[in-house]
Structure formats: structure tokens, C-alpha cells
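The values are calculated or read from the model by the stated rules, or taken from the named source; none is laboratory data. What you are looking at is a predicted structure, and each value in this text was computed from that prediction instead of being measured. Here Cβ is always computed from backbone atoms with ideal geometry, including for glycine, and neighbour counts include all displayed protein chains. Accessible surface is based on the protein model in full, side chains and every heavy atom, while ligands, DNA and RNA are left aside. Shrake-Rupley method; radii C 1.70, N 1.55, O 1.52, S 1.80 Å.
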Amino acid sequence: MALLVFPRFLPLTSLSPNLSSRPQTRLHCPSLAMASMSSTRTRTESSVGENAGAAVLWFKHDLRLDDHPGLAAASRFRKVVPLYVFDRRILSRFSDEMLEVLLFALEDLRKSLKDQGSGLLIRFGTAENVIQELVKEVKATSIFVEEEVEYELCRLMDLVREAIAKMSFPKGNPRFVLWNTPLYDIKNLKDLPESYHEFKKLKFSAISPILPPKLPNFEMDLTWGSIPTLDDLKKFMNDCQAKSKDSWTSIREISAETVLHKNQFVPSSNQVEGLHLAKSGEIKQNNSYEHSQSKIQESVFVTQSRNIVGGGTTGVLNALAAYLRYLEGTVRDDWKEVHEKLRNAESREGASFGTLFGSALGLGIISRRRAHYEATKYEKERNAGFLSPFGYSAATIAAVADTIYSMEYAVVGDEGPAILLVHGFGAFLEHYRDNISGIAEGGNRVWAITLLGFGKSEKPNVVYTEVMWAELLKDFIIEVVGEPVHLVGNSMGGYFVAIVAGLWPAAAKSVVLINTAGNVVPQYSSVPFSEVRKLRC
């Protein structure tokens with residue numbers, strides 16, 4: 001029975017990130033994300049050496065050459081075909097501003113690959129059809145792709161794998177090689193304590209990012225394709241929208257606030273601000289910034305709104321250096337721009353990093369491991385080569401470190417009804433460590449989550465309310481589990497799962513409350529009590 005823990009960054013703009021049970025080859029990157037106690041799944045470590053065949057490197061949310069394990073492994077092949085597919089199922093998850101950042105990142109990635117004697121193949125359509133045709137054309141023996149945990153993206157990768165499996169190759173089908181960039185080198189969950197307090201004492205060292213490899217010169221005659229304009233990309237997206245309004249996943253677009261107002265469950269005036277902030281982690285920004293009339297050279301604020309960092313890896317790393325050194329001041333125009341944007345986005349201490357750099361991290365223009373490395377290196381520079389046990393010396397360093405950490409969850413079982421276990425106040429998923437396997441052995445698939453702000457999960461700088469946690473659970477059910485679940489909540493977790501079932505009943509098959517708690521926000525109730533309810537309380 002497999003127990004897998006997947007730390008994963010969930011973008012605060014959506015508060016919304018299950019592995020296929022099919023056997024698959026994995027590029028060996030020991031990590032908490034890959035650890036298992038006793039896995040029933042077949043896993044072979046890839047010992048990719050010099051290979052006379054061709055490797056397809058499928059870029060998705062990893063638009064960089066720096067700190068790219070998949071690129072490093074693929075570079076050992078004689079031929080490497082870098083590929084980006086404009087697939088609506090991937091692009092539909094992005095805002096218009098994210099699409100802008102995507103196009104700038106692809107331009108920079110293509111230039112960086114060209115400088116290496118290679119290039120970036122651009123294709124439009126479904127990933128399974130594009131990759132199937134490309135594999136035939138270049139006679140690829142391996143496909144390198146970053147591992148995913150979001151349900152829809154995992155399903156998309158399954159469709160690619162199924163399409164390849166249907167093909168016939170004289171020397172066998174190409175291998176799928178999955179890679180990731182873990183922050184810590186943790187090979188087995190048995191190495192971890194059950195207590196988060198004890199976990200912190202272990203002081204695991206972060207894995208250092210890897211430098212870009214040298215790619216083989218590209219000698220194949222291919223039609224590279226062109227990167228579209230933003231208008232062309234929007235037209236492509238609008239030409240064929242395949243969203244099913246009848247699907248239970250349509251609740252993805254329904255916020256708690258929408259449901260509450262529709263049913264006239266309006267919070268008191270002193271809670272309105274908290275509700276708005278809880279909704280998708282939204283941050284109020286000061287929009288008073290006006291871009292200087294004198295052109296700032298090499299600005300990394302590339303979108304029309306000029307509010308978020310974008311471009312290529314080098315530019316984003318330069319902006320990160322400026323962000324980290326905010327307290328030092330600067331005479332550089334490009335760094336001054338970053339500092340002013342930082343001030344406008346800093347509605348709460350540390351909130352500016354996710355606001356400015358969230359899109360670049362989400363698209364993988366820089367890796368979270370690289371961001372963590374740069375922040376730690378700067379902290380050591382400020383402290384004579386040491387890291388203080390009492391916290392970071394600058395708020396910007398703390399903001400980077402806090403943002404790149406992940407949300408933790410575990411999944412056990414490969415078939416049966418889906419069950420989601422939610423812990424109570426002061427606990428994390430290990431609260432259910434004596435229950436998970438037993439429930440799974442009864443013929444269920446079991447998820448246990450550590451809510452944001454608890455245990456080893458990320459502790460973002462947002463307003464924490466029951467609405468925020470309920471939104472997170474709803475998005476987790478849609479994005480990770482991929483189907484309605486039986487909700488089980490203990491103490492405060494019981495309160496949260498009850499809210500989820502009440503606001504988005506399509507997401508819940510049943511609700512089990514264990515010693516359930518009441519309101520988290522004092523003097524706030526989204527549902528006014530009847531006189532009978534008041535008497536019973």
C-alpha cells in the first residue's frame with residue numbers, strides 16, 4: 001500500500017496541484033515528493049546514459065534551462081527535441097496576464113536554446129496528438145516531462161502515454177521519464193518523525209540547483225513553428241471552448257462569496273474585508289504606481305499592466321536580486337522599479353513576493369529551488385556566512401522562503417471511493433497516521449491533507465478564515481482528487497468540511513464529523529441561526 005506525500009505550491013490566486021497508478025519510469029530525484037513507505041507501484045530508476053536515439057523534452061511549467069533535471073538527463077542523448085505545445089487544456093488555467101508572461105518566457109527560452117545550437121519546437125493542438133506525431137517523425141526513444149500532481153494535468157499526461165502505447169515501434173515504445181526538483185533529499189518517509197516539532201530539529205539541507213547542461217547540436221530538419229501574438233493566442237483559445245457547464249467541476253468558478261450573497265447569507269460589516277481577502281487569497285494593491293516616462297532599460301514588468309515580473313530566467317533572477325536587497329537601496333533604474341512595485345504590493349509583510357513573482361514561479365521561469373538558494377545565499381552574505389536559528393534578517397528573504405514552501409498531502413490506495421481526511425486545529429495530516437492505511441485496506445482511496453498554515457505546509461501571508469480553508473478544500477477536491485469525495489473532518493476540520501458540503505454540495509458525497517468544532521472567526525456566522533437552533537445551542 002503506497003503512502004505518497006506530495007509537497008506542492010498552490011497559487012494563491014486560485015487557492016487550488018494525483019499521480020497515475022500506471023507503471024512509469026522516473027528520473028531519480030530523491031525527495032519527499034517521491035518518497036513511499038511500501039509502494040505497490042512499479043518504479044524503475046532511469047539510468048539514462050549516452051544514447052544514439054532522440055529524446056523529446058516536453059516543456060509545460062518549466063520554461064527555463066537553469067536547474068532543469070529533465071534537460072540535464074535528455075542532454076546525454078545524441079539528439080534532443082525541445083517542445084512546447086499550445087494545448088487549450090493547459091492554457092485555460094491561465095489568466096490573460098499569465099498568457100502574456102508565457103509568451104515572453106517562450107521567446108526567451110527559444111533564444112536560450114538557439115544559443116546552445118538547438119531550438120524550441122512550437123505546436124498547437126492536443127498534446128497526445130502532437131507528441132504522437134513528433135515521436136514518429138524524430139524516432140524518439142524517450143520523452144522527458146516534469147511530474148504533475150493536479151488531476152487534469154495528470155490525466156493529460158496519461159492520454160499522451162496511452163497514445164504512445166498504441167503505436168508500434170521496432171525497438172519498443174519510447175519511455176516516459178518523469179522528473180522533479182525536490183527541495184530536500186529525503187529518500188523515505190520512514191526517515192521522518194511523526195511530530196512536526198521533531199521534523200524541524202532535523203534541519204534538512206536544501207538541494208542546490210543545477211546549472212544548464214551543454215546540449216548537442218541540432219541536426220534534424222524540422223518545422224520549428226512560430227510563437228503567436230497575444231491576440232492570436234486569445235483567438236485560438238476562444239475558437240473551441242470545451243467546458244461542460246453540467247459537470248460537477250463547474251463549481252470551480254463558484255466562490256464562497258458568490259454562494260453566500262446568492263443565498264443572502266451576508267456577513268457582518270466588520271467581516272466583509274476578511275471575506276474578500278479570503279477569496280482566492282486576493283491581496284489589495286496600491287495602484288498609484290505610474291511607470292516613469294523615461295524608459296527603464298530591461299524592465300522585467302513585461303505585461304500591459306506592468307504589475308508582475310516576467311520575461312526570461314536571467315531577467316527574473318535580476319529582479320529577485322533587487323527584491324532581496326530592498327533594504328540596501330540602489331541607483332539602478334531597473335532595481336528602483338522593482339522596489340517601487342514591492343512597496344505598492346506590500347499590503348501585508350511578505351505579500352509582495354507572491355504578487356510580483358507568483359507567475360514566474362508558476363510557469364517555471366525560475367525554479368523554487370533556485371529562488372530558495374538565492375535567498376539563502378543572500379542571508380549568509382548578510383551574516384558572515386551563517387544562518388541564524390532565530391529567523392531571517394530581512395523581511396524580503398523571509399517572504400521568498402515562506403512562499404516557495406509547499407502544501408503537503410498524502411494519498412493511499414489505487415481504487416474505490418474517494419475519502420478526504422481533514423485534521424483539526426494545531427494538527428497536520430499525521431493526525432490520521434493510524435487510520436489512513438486501515439481505511440484504504442477497506443477498499444477506498446484516501447487523501448489526507450495538511451491545511452495551509454499548519455505543519456509542513458506553506459504558511460502564506462494571507463488572511464486565514466474558515467472561508468479561505470473551505471475554498472482551498474473545494475479546489476483540492478477538483479484539482480487533485482478529481483471527483484466528489486466523502487468528507488471526514490475532526491474538530492475544526494469538521495467545521496471546514498461542513499462548509500464545503502453546504503456551499504458546494506456537488507463536491508461532497510457524504511460528511512463525517514468527528515468531535516466537530518464551531519466558528520473560527522469570533523462573532524461571525526455565514527448562516528443566521530433560527531430561534532430553534534439558538535435554543536439548542
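Globularity index of region 313-405 is 1.01 (Cα radius of gyration / 2.2 N^0.38 Å, N = number of residues). Of all the accessible heavy-atom surface of region 371-527, with the other protein chains kept in place and a 1.4 Å probe, what percent is carbon and sulfur? On region 371-527, the fraction of accessible area on carbon and sulfur atoms equals 54 percent. The solvent-accessible area of residue 339, taken with every protein chain present and a 1.4 Å probe, is close to 10 Å². The residues 504, 248, sorted by heavy-atom accessible surface at 1.4 Å with ligands and nucleic acids left out, run 248, 504 from largest to smallest. Using the 1.4 Å probe convention, the accessible area of region 313-405 works out to 41 Å² per residue with neighbouring protein chains retained. Surface analysis of region 409-535 yields an accessible area of 38 Å² per residue, using protein heavy atoms and a 1.4 Å probe. Remark: spin-label model distance residue 235-residue 205 equals 5.5 nm, labels positioned 7 Å along the Cα→Cβ axis. Report, in listed order, any pair from 136/171; 114/214; 456/509; 139/171; 203/456; 79/136 with a Cα-Cα distance greater than 18 Å. Table pairs above 18 Å Cα-Cα are 456/509.
Count neighbours as other Cβ atoms within 10 Å of each site's Cβ, and list the chymotrypsin sites (Phe, Trp or Tyr not before Pro) in region 425-462 that are DSSP loop with at most 14 such neighbours. Qualifying residues, ordered by number: 425. Taking amide hydrogens as placed 1.01 Å from N in the peptide plane, the amide H of residue 462 sits under 5 Å from that of no residue at least 5 positions away in sequence or on another chain. A straight Cα-to-Cα reach below 17 Å connects residue 336 with the aspartates and glutamates 290, 298, 328, 346, residues fewer than 8 places away in its own chain not being considered. Summing Cβ point charges (Lys, Arg +1; Asp, Glu -1) relative to the Cα centre of region 313-405 gives a dipole of roughly 220 debye. Counting only protein chain heavy atoms and rolling a 1.4 Å probe, the accessible areas of 353, 386 rank, largest first, as 386, 353. Only protein atoms count toward the accessible area here, which uses a 1.4 Å probe; on region 51-180, the carbon and sulfur part of that area reaches 49 percent.
Ordering 104-111, 249-256, 492-499 by mean Cβ neighbour count within 10 Å, with the highest value first, yields 492-499, 104-111, 249-256. Peptide packing for 371-382, 413-424, 309-320 was compared via the average number of neighbouring C-beta atoms within 10 Å per residue; ordered from the highest value, the list is 309-320, 413-424, 371-382. The alpha carbons of region 409-535 stretch over 45, 34, 26 Å along the principal axes, in descending order. Counting only protein heavy atoms and a 1.4 Å probe, region 51-180 has 35 square angstrom of accessible area per residue. Shown are 503, 451, whose ranking by accessible area with a 1.4 Å probe and every protein chain present, most to least, is 503, 451.
Shape verdict for region 51-180, please, from the Cα gyration tensor: rounded (a/c under 1.5), prolate (a/b greater than b/c) or oblate. Since a/c reaches 1.5 but b/c is at least a/b, the shape of region 51-180 is classed as oblate.
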